[in-house]
Amino acid sequence: MNLRLLYLLLAVVLVLWVLTPIFLITTLAFSDRASVFAWPKGFLPQQFSLETITFFFGVEGVWKAIRNSLVVAAMTLAFSILLGAPAGYALARYRFAGADSYRVLILLTRAFPLAILAIPLAVQFINLGIYDTPFGVALVHTALALPFAVLVTSSLFLGIPKELEEAAWTLGCNRIQAFLRVVLPLAIPGLAATAIFAFVISWNEVFAATLLTLRERTLPAFLLTSLNDSPLPFRFAGGFFLIVPALIFIFIIRRYLFTLWGIANR
Amino acid sequence: MAGIRVESIEKTFGKFKALSGVSLEVRDQEFVVLLGPSGCGKTTLLRIIAGLEYAERGRVWIGDRDVTQLPPRARKIAMVFQNYAVFPHLTVFENIAFGLRMQKVSAEKLGAGVERAATLMHIENLLERYPAQLSGGQRQRVAVARALAVEPEVLLMDEPLSNLDALLRLEMRAELKRLLIESRTTTLYVTHDQVEAMSLADRIAVMNTGYLVQFDEPMKVYQEPANTFVGGFIGSPPMNFLRLPVEGRQARIQSLALDLPTGVSSQEVLLGVRPEDLEAHTQQQPQSFPAEVLVVEPLGPHLLLTLSFGKQHIKATVPPDFDVRAGQTLWLRPQPDRLRWLDPSNGQAIPMR
């Protein structure tokens, strides 16, 4: 009984830990200037107002940064699925020499600190002419999202019995037809979850985006560079717009991740 | 319709030799069962015929086409998998129609084909359902209907009944037999269940450790096993093998002397005799030998006795009303026309006459 109470307490602390900043940011993003600076702050937003938000969107460069962020995230999503899913499929379906070390190697790319890579990468990008472009940032974000994409899709494809594909082959499909007609429909929920996760990784990534862009900033990079010399309400509104997409996506993913587990456990 | 012919198929997985030169011929419209313990290579052979695995050596013929190099889709086969492999995202109708859609048949032919296959398997009222809404037995029916719908030249089945519970398996076994007699499709059927093999097959191909051991009609395989493996694997309880001394042209069991086929020159010989071919008597009989009862197991239709004869154990079945207790001595009279002689050095049967 005591243990149960302890768990409950721990859960409450954890929930508060996560929710308090989100709550503060959200309420203050929708309050007027005065309440942003007010102390002590009330529990509920006192003065509902779009003043802060309007001000945020009024700042020069915000819209461009949002557009850049969307473009980069969409490219990251597409690259991660197009490169990650085939690799995951190969890992799931074929036994080849070095398959296991390949798995570890994929994870190692995640362990490699981006800070060491950043300067040579910037130099190389300048030489290639993709410095300060959404495409260049998307390439780095893809590298970050890819390990996740490969490992998740591989477990996803492992969860789809090989016999289903073989049955399709015996019924007149070639390999590609069998994949499109049988494997893909069953993999869609998991692939969607993978895609959304890649999107969120890109949307929230700030380090590479800051180093590899100058004028074509993504939203996090833009906010980071302008944070120190901007007023407090601007920071709250900016924080709000960084959190929201991630939150929405995690809610969507949640359902898909359960579906993914359902497939894996069948 | 077509027959199947495989010639000296060899297949290794890493260091494990799965098939060591297997040759087999299935006649047109014949039902052949591949029977053997797990790991004997029977499923591998089936998958090689389906084109899902490729053999290192040997050829596969379906009808008069050499299909050794062809992918599964070009072999005009259909396969039923052990775990059914019914597509979970498609309705029963679409599952059965899958093969026909790949052949791009006309809409009315498609409807008629699905209708026919569904009616054969008695699942015409389930066509709108998804596999998740079906029981194991119903999924099994969908899998068979899907295979039959494409009217394959050859039907391959990989332990299709092994995932069903005992009662359902019995029911499906009888139904499969009816179905395949009706459709007269050449069928190759893999199982490790000897009762299933006996009940379904026109001929049984017994496999062990990558070799084809015996290929014959069920009753022949049962009564005249090619070696001790077949005699021991088929039949429950298995065949008895008694090691007996040879005296001239006869083998001796105490006072009982049995004539041997010609050409036996060894000191000893193995007598293979089925438990039901030993007639038990409480009194001494001519043409019999004594053995002491160790265990009596009442099994319903008969009693299963374990007896000791010297240091060797013998299984015998007697009628359920036979009055016998452990420790009693019985006289066993082997049926003279049901005896099988084997060479104790290699376990191979010695040909009669």
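The values are calculated or read from the model by the stated rules, or taken from the named source; none is laboratory data. Predicted, not measured: the structure shown is a model, and the values here were computed from it. When we count neighbours, we look across all protein chains shown, and the Cβ atoms used for this are built from the backbone with ideal geometry, even at glycine.
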Review point. Looking at segment A:123-145, which of the residues that are surrounded by 22 or more Cβ atoms within 10 Å (Cβ to Cβ) and hydrophobic (A, V, I, L, M, F, W, C) is nearest to the other protein chains (Cβ to nearest Cβ)?
Key: A:Ala145
Study note, to complete from the structure: Per the list (1) away from chain A (no Cβ under 13 Å); (2) in contact (Cβ under 8 Å) with a residue 40 or more places away in the chain; (3) crowded, with 20+ Cβ neighbours inside 10 Å, residue check on B:Gly58 breaks on (3)
**Study point:** Tally of residues being facing chain A (nearest Cβ under 7 Å) and of a type in the set (D, E, K, R) across segment B:68-99
**Key:** 1
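Among the residues of segment B:113-131, what is the count of those that are of a type in the set (A, V, I, L, M, F, W, C) and either loosely packed, with under 14 Cβ neighbours inside 10 Å or farther than 13 Å from B:Glu151 by Cβ (or both)?
Summing the residues that are of a type in the set (A, V, I, L, M, F, W, C) and either loosely packed, with under 14 Cβ neighbours inside 10 Å or farther than 13 Å from B:Glu151 by Cβ (or both) in segment B:113-131 gives 5.
Within segment B:164-192, how many residues turn out to be in a loop (DSSP other than H, G, I, E, B), within 17 Å of the chain's Cα centre (by Cα) and surrounded by fewer than 17 Cβ atoms within 10 Å (Cβ to Cβ)? So that I can check it myself, show each step before the final result.
Going residue by residue through segment B:164-192, those that are in a loop (DSSP other than H, G, I, E, B) are B:164-165, B:184-185, B:192.
Filter once more, keeping what is within 17 Å of the chain's Cα centre (by Cα): B:192.
Now narrow it down to the ones that are surrounded by fewer than 17 Cβ atoms within 10 Å (Cβ to Cβ): none.
The total comes to 0.
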Review point. When both residues are 6+ apart or on different chains and their Cβ atoms are under 8 Å apart, which pairs have a first residue that lies in segment B:278-293 and is at positive phi, and a second that is basic (Lys, Arg)?
Key: B:Gln287/B:Arg333
Revision key, fill the gap. When every residue in segment B:314-345 that is without any contact (Cβ under 8 Å) to a residue 40 or more places away in the chain and in a strand (DSSP E or B) is compared, the one surrounded by the most Cβ atoms within 10 Å (Cβ to Cβ) is B:Val318
Revision key, fill the gap. A:Tyr102 meets each of (1) in the same structural domain as A:Pro233 (by TED's automatic domain parsing); (2) surrounded by 16 or more Cβ atoms within 10 Å (Cβ to Cβ); (3) not small (Gly, Ala, Ser) with one exception, condition (2)
Review point. Taking segment A:165-220 only, how many residues are among the aliphatic types (A, V, I, L, M), part of a helix (DSSP H, G or I) and facing chain B (nearest Cβ under 8 Å)?
Key: 4
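Could you look through segment B:32-41, keep only residues that are out of contact with any His (no Cβ under 8 Å at 6 or more places or on another chain) and modelled with pLDDT of 95 or more, and pick out the one that is surrounded by the most Cβ atoms within 10 Å (Cβ to Cβ)?
If we filter segment B:32-41 for residues that are out of contact with any His (no Cβ under 8 Å at 6 or more places or on another chain), which is where we start, we get B:32-34, B:39-41.
If we keep only those that are modelled with pLDDT of 95 or more too, we end up with B:32-34.
Details: B:Val32: 23, B:Val33: 26, B:Leu34: 30.
Per the stated criteria, the residue is B:Leu34.
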Practice item. Report, by residue number, each residue of segment B:132-150 that is in contact (Cβ under 8 Å) with a residue 24 or more places away in the chain, surrounded by fewer than 23 Cβ atoms within 10 Å (Cβ to Cβ) and either part of a loop (DSSP other than H, G, I, E, B) or within 11 Å of chain A (Cβ to nearest Cβ) (or both). Key: B:Ala132, B:Leu134
Exercise for review: Return the residue satisfying two criteria in turn: it lies in segment A:153-163 and is buried (at least 21 other Cβ atoms within 10 Å of the Cβ) and in a helix (DSSP H, G or I), and of such residues it is farthest from the other protein chains (Cβ to nearest Cβ).
Suggested key: A:Ser154
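Under 23 Å from B:Leu45 (Cβ atoms), surrounded by fewer than 17 Cβ atoms within 10 Å (Cβ to Cβ), free of Cβ contacts under 8 Å to residues at least 24 places away in the same chain and small (Gly, Ala, Ser): is that true of B:Gly248 in this structure? So that I can check it myself, show each step before the final result.
Details: under 23 Å from B:Leu45 (Cβ atoms): no; surrounded by fewer than 17 Cβ atoms within 10 Å (Cβ to Cβ): yes; free of Cβ contacts under 8 Å to residues at least 24 places away in the same chain: yes; small (Gly, Ala, Ser): yes.
It is false that B:Gly248 is under 23 Å from B:Leu45 (Cβ atoms), surrounded by fewer than 17 Cβ atoms within 10 Å (Cβ to Cβ), free of Cβ contacts under 8 Å to residues at least 24 places away in the same chain and small (Gly, Ala, Ser).
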Review point. Can you pull out the residues in segment B:96-131 that are touching a residue at least 24 places away in the same chain (Cβ under 8 Å) and charged (D, E, K, R)?
Key: B:Arg116, B:Glu128, B:Arg129
Point to revise | Conditions (1) surrounded by 12 or more Cβ atoms within 10 Å (Cβ to Cβ); (2) in contact (Cβ under 8 Å) with a residue 12 or more places away in the chain: number failed by B:Glu297 | key: (2)
Practice item. Within segment B:76-95, track down each residue that is in contact (Cβ under 8 Å) with a residue 40 or more places away in the chain and either surrounded by 23 or more Cβ atoms within 10 Å (Cβ to Cβ) or aromatic (Phe, Trp, Tyr) (or both). Key: B:Ile77, B:Ala78, B:Met79, B:Val80, B:Phe81, B:Tyr84, B:Ala85, B:Val86, B:Phe87, B:Val92, B:Asn95
Check your understanding: Do we find a residue being at pLDDT below 85 and part of a helix (DSSP H, G or I) anywhere in segment A:36-47?
Key -> yes
